[in-house]
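The values are calculated or read from the model by the stated rules, or taken from the named source; none is laboratory data. Treat the numbers as computed from the prediction; the structure is a model and nothing was measured. Here Cβ is always computed from backbone atoms with ideal geometry, including for glycine, and neighbour counts include all displayed protein chains. These accessible areas exclude ligands, DNA and RNA; they are computed on the full protein's heavy atoms, side chains included. Shrake-Rupley method; radii C 1.70, N 1.55, O 1.52, S 1.80 Å.
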Amino acid sequence: MNRFLLITFGCMALLACNNSQKSGPTTGEPGSIFFTEFDTPFGTPPFDRIEFADYRPAFLAGMKEQTAEIEAIANNTEAPTFENTIVALDNSGRLLSRVSRVFFGLKSAETNDSIQALAEELSPLLSEHNDNIYLNEKLFNRIKTIHDDTTGLNLTTEQYRLMDEYYKSFVRSGIMLQETGKERLREINKQLSALTLKFGNNLLKETNNYQLVIDNEADLAGLPEGVIAAAANAAKAAGEEGKWVFGLQKPSWLPFLQYSQKRELREKLYKAMYMRGDNDNENDNKKIINDIVNLRIEKAQLLGYDTHADFVLEENMAKTPENVYKLLNEVWAYALAQAKKEAAELQKLIDAEGGNFKLASWDWWYYAEKLRQQKYALNEEELKPYFKMENVREGVFTVANKLYGLNFKKLDNIPVYHPEVEVYEVTDADGSHLAIFYTDYFPRPGKNAGAWMSSFRGQQVLDGKNIRPLVYNVGNFTRPTETTPSLLTLDEVETVFHEFGHALHGMLSNVTYAGLSGTSVPRDFVELPSQIMEHWAFQPEVLKLYARHYQTGEVIP
Ligand SMILES: [Zn+2]
């Protein structure tokens, strides 16, 4: 499930922020727009003024600025203190953070060939920059001095955690290795960074390159009206007016598998999805996966771990691969029995229809939908009118209001990177400003698959001022058509609530230091706020608040 995304490259997420301005182009030159805090309402990114030409110089200047800041900390002649070392490190790289968050936010949600190419060009530079910080021995020695003896420092719990997180990050980045090990690690990081990027780029290309074009109306058999209308729209957009286009974006792909009576077309569309990156073409990911796996093993072992899983899990609540397998195996026994039971039920349906074939993966959704209609007289298409996107979002906001006293006000004066993006100001129960919240809900060719949350600016207290976050949710939900608004499936409704739970985690952040802000928590904890939120989606008293038929206004029965 790719519902959550952090903008990170290595340990960069732990690094943010200083408002000093030491190098780079002067105002008016490309990149300069990133040089100071944005002069927009709430300091939101001025998407209407940022040009592609701004990114490269801003990245280069941002790395240069942070390098100078790091050198100043490392070469400080005063004895290391929490302030002159840990806080100074935490506040470094403010310009780099500003441009990175905008650039990588767009790379996921609204990319194009130029952004993809620049990301590939920057990848080795950012990897090297990151290693230059985390393999800086003078800097580490200062952190280690603080870490090894905190007596008399009177660190608060938050300060101790920040210091300890940085210490661990340096150790996990290889600072204790001999010189040859460090050199090899730099090379591995550079390659991993490039390969991971390439993997994602290939996947996006494979997703966008595939189209199932239908020109024979009979091949639409079984599909609901709304699904057909959306496919006609997609065809129009693809220059195939009068035909119907289905693709690999979920709102197009899933209903086809759920409703199409054409088994051979279901198979075609299903395989297109699962063969992405495995078509022996220029977007093939097989060798890339192989290389990534090998490099990860090598890196883990270089750092003293048995496997990549050991390396990753050490910093998560699960701690060890054994714990992960223990949980998975417990679930597996029950899940397998249940899946077999369901498969047998679906096979019965196939046999009853006289279908002389064995249930295959591309039949599952289709017959599951039939079974649901048979068993519960419940047709997902009949439910969708109760889940208009705007109503669901209103439901999410209402729940946040009832639980946490938050209020949401739509803003029309905030620059956005695409006309479909909407912006809200979030205020606390006492009316004080809490966050800016962007929503970007519909699939586009420049958007990665899935749904996620991240931020254009994190929360922190800087110079006594509580800087509030700019949080966003991005998704790939069912588009409106010319005649109907966006009507969501149950799964989509749950995802809207889920992602909003992540957004809340970011919005409600109230820490001092950037390195501990928002969702900077173990990966297996980060799903807690989102899962709590998604449980509210279908509670009867919550449904009453938002699940109204978009035409009649009637509350869901
Ligand atoms: Zn999640």
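Report Rg (one decimal) and Dmax (nearest whole number) for the range 385-546, counting Cα atoms only, units Å.
Cα radius of gyration and Dmax of the range 385-546 are 15.6, 52 Å respectively.
Given the range 385-546, what count of lysine pairs have C-alpha atoms under 30 Å apart, with each pair 8 or more places apart or on different chains?
Within the range 385-546, the lysine pair count is 14.
When ligands, DNA and RNA are left out and all protein chains stay put, how many square angstrom of accessible area per residue does the range 270-326 have with a 1.4 Å probe?
Roughly 62 Å² per residue, with all protein chains present.
Could you tell me the distance between the Cα centroids of the range 96-156 and the range 40-88, to the nearest Å?
Measuring centre to centre over Cα atoms gives 10 Å.
Once you place label points 7 Å from the Cα toward the Cβ at Asn209 and Val521, how far apart are they in nm?
The modelled label-to-label distance comes out at 4.1 nm.
With a 1.4 Å probe and all protein chains kept in place, how much accessible area does Asp440 have, in Å² rounded to the nearest 10?
The accessible area comes out at roughly 0 Å².
Of the accessible area of the range 98-185, with the probe set at 1.4 angstrom, what percent is carbon plus sulfur?
Roughly 47 percent, rounded to a whole number.
Give me the lysines in straight-line cross-link reach of Lys340: C-alpha distance below 17 Å, same-chain residues under 8 apart excluded.
Lys348, Lys358
With r as the distance between the Cβ atoms of Asn154 and Ala237 and R0 = 60 Å, compute the FRET efficiency 1/(1 + (r/R0)^6) and round to 0.05.
Efficiency for this residue pair is about 0.45.
What base-10 log of the normalised intensity I(q)/I(0) is obtained for the chain from the Debye formula, alpha carbons as equal point scatterers, at q = 0.06, 0.10, 0.11 Å⁻¹?
These q points yield log10 I(q)/I(0) values of -0.34, -0.95, -1.14.
Along the range 315-331, what does the Karplus equation 6.51 cos²θ - 1.76 cosθ + 1.60 (θ = phi - 60°) give for ³J(HN,Hα), rounded to whole Hz, x for Gly and Pro?
Running phi through 6.51 cos²θ - 1.76 cosθ + 1.60 with θ = phi - 60° gives 8, 10, 5, 5, 6, 9, x, 4, 5, 5, 5, 4, 5, 4, 5, 4, 5 Hz.
What FRET efficiency comes out for Glu121 versus Thr196 if R0 is 22 angstrom and r is the Cβ-Cβ distance? Round to the nearest 0.05.
Efficiency, rounded to the nearest 0.05: 0.90.
Can you pull the one-decimal nm distance between simple spin-label points at Arg263 and Gln551, each 7 Å off the Cα toward Cβ?
Going from the Arg263 label point to the Gln551 one covers 3.5 nm.
Glu128 to Lys358: extension gain in nm, 0.36 nm per residue of separation minus the Cα-Cα distance?
Result: 77.5 nm gained on full extension.
With the alpha-carbon atoms as the only input, what is the per residue convex hull volume for the range 12-174 in Å³?
126
After finding the eigenvalues of the alpha carbon gyration tensor for the range 323-378, what semi-axes result from the square roots of 5 times each, listed largest first in whole Å?
Working through the eigenvalues yields semi-axes of 27, 13, 9 Å.
Identify all lysines with a Cα-Cα distance to Lys64 below 20 Å; exclude those on the same chain that are fewer than 8 residues away in sequence.
Filter leaves Lys22, Lys138, Lys190.
Where in the range 53-81 does the label zone of Thr145 land, with the point 7 angstrom along Cα→C-beta and an amide N cut-off under 16 Å?
71-81
Compute the accessible area per residue over the range 376-427, keeping the other protein chains in place, probe 1.4 Å, unit Å².
47
Whole angstrom only: what separates the Cα centroid of the range 489-555 from the Cα centroid of the range 345-382?
When both Cα centres are located, 31 Å separates them.
Taking the Cβ of Glu264 as the centre, find all other residues whose Cβ is under 14 Å away and add up their charges (Lys, Arg: +1; Asp, Glu: -1).
+2
Based on the Cβ-Cβ distance from Gln338 to His535, what FRET efficiency comes out when R0 is 30 Å, to the nearest 0.05?
0.90
Given the alpha-carbon gyration tensor of the range 243-318, what are the semi-axes of its equivalent ellipsoid in whole angstrom, ordered largest first, with each equal to the square root of 5 times an eigenvalue?
Its equivalent ellipsoid spans semi-axes of 38, 17, 9 Å.
Counting only pairs 8 or more residues apart or on different chains, how many lysine pairs in the range 208-309 have their Cα atoms under 19 Å apart?
Close lysine pairs under the 19 Å cut-off: 9.
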